[in-house]
Amino acid sequence: MEHVSYAKRDCRDQAVIGKFLNEARTGVIAIAGDEYPYGVPVNYVWHNGNIYFHGMGSGKKLRLLEHNSKVSFTVYKEHGTTTDPVPCHADTSYLSVMIFGEAARVTDHQEAAEALQLFLDKFTPGFYKQKLSPKMVEKYRSAMDGNAVAVIRITPVHLTAKENAVAPEEMFHHGQKPPGHPGGTAGGGSHDTIHGA
């Protein structure tokens, strides 16, 4: 079982995690590669507790997943940098989620259509008037390789999340000077609480 070693940053708030996974647009899937680990960013949707992504019905990801379906999927967002009078206490504000699970190609056309419709709703909201149907998904063939679109479902086995939440006023701003520096601002004491110094 994976866990967050920095317990202070361990995020267990399911509402925060769910909202983040619903709103983020890109994640990195890591697959066991031929010679090196293979990590590639993909657009995705979070639906019914699973990650879905799609692509051509041929290619490296599918080939590798046929040999080893165990994957990790990372979604992260950096909010900014925090400052501190002590340079080594400067930090990053972020939220990241890592999912460890099993990837499988979706073979049910209804499930594939629902997942692909969620992609349209998320990335091109309101643009397409006609909803995708299972029959449309079944009949579609790519002009690139002649194959049907591949929809991949990642079913989580376990999930970890890390968060360093910092108020906007605590963030570094371009041109900001440290306290005591000409043009600098007072403050910085609140970082002691944030960083546990």
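The values are calculated or read from the model by the stated rules, or taken from the named source; none is laboratory data. It should be emphasised that the depicted structure is a prediction, and the values quoted were computed from it without experimental measurement. For neighbour counting, all protein chains shown are included, and Cβ atoms are generated from backbone atoms with ideal geometry for every residue, glycine included. Side chains included, ligands, DNA and RNA excluded: accessible areas come from the protein's heavy atoms. Shrake-Rupley method; radii C 1.70, N 1.55, O 1.52, S 1.80 Å.
Odds and ends about this structure:
- Whether segment 85-136 is rounded, prolate or oblate, judged on the alpha carbon gyration tensor where a/c under 1.5 counts as rounded: oblate
- Nearby aspartates and glutamates by direct alpha-carbon distance to Lys131 (threshold 15 angstrom, same-chain neighbours under 8 apart not counted): Glu111, Glu114, Asp121
- Only one residue of Leu116, Gly59, Met136 has its Cα farthest out toward the positive end of the dipole of the chain, where Lys and Arg carry +1 and Asp and Glu -1 on Cβ, and that residue is Met136.
- Just the protein heavy atoms count here, and of the accessible area of segment 9-56 at 1.4 Å, carbon and sulfur take up 51 percent.
- For the set Arg12, Arg153, Arg25, the ranking by accessible area, highest first and with no ligand, DNA or RNA atoms included, is Arg12, Arg25, Arg153 under a 1.4 Å probe.
- By the helix-only formula, in which each DSSP H run with n ≥ 4 contributes -39500 (n - 2.57) and the sum is divided by residues, the chain has a 222 nm mean residue ellipticity of -6500 deg cm²/dmol.
- Measuring between alpha carbons in the structure, the pairs from Lys70/Lys122; Lys19/Lys139; Lys19/Lys70; Lys8/Lys122; Lys8/Lys177; Lys60/Lys122 lying more than 31 angstrom apart are Lys19/Lys139; Lys8/Lys122.
- Per residue, the chain exposes 61 Å² of accessible surface when a 1.4 Å probe is rolled over the protein heavy atoms with every protein chain present.
- Rounded to 10°, Cα long-axis angle of helix 109-123 versus longest principal axis of the chain: 40
- Placing one equal scatterer on every Cα of segment 1-58 and applying the Debye formula, the log10 ratio I(q)/I(0) at q = 0.15, 0.19, 0.29 Å⁻¹ is -0.64, -0.94, -1.18.
- Selection from Thr107, Thr155, His174, by position along the positive dipole direction of the chain (Cβ): Thr107
- Accessible surface of segment 69-174, 1.4 Å probe: 58 percent of it comes from carbon and sulfur atoms.
- Length gained on full extension, Ala143 to Asp10, computed as 0.36 nm times the residue gap minus the Cα-Cα distance: 43.4 nm.
- Using alpha-carbon coordinates, inclination of helix 14-23 to the longest axis of the chain, degrees: 60
- Test item: Cα-centred dipole of the chain, Lys/Arg +1 and Asp/Glu -1 on Cβ, debye: 700
- For segment 1-74, the Cβ-based charge dipole about the Cα centre amounts to some 140 debye (Lys, Arg positive; Asp, Glu negative; other atoms uncharged).
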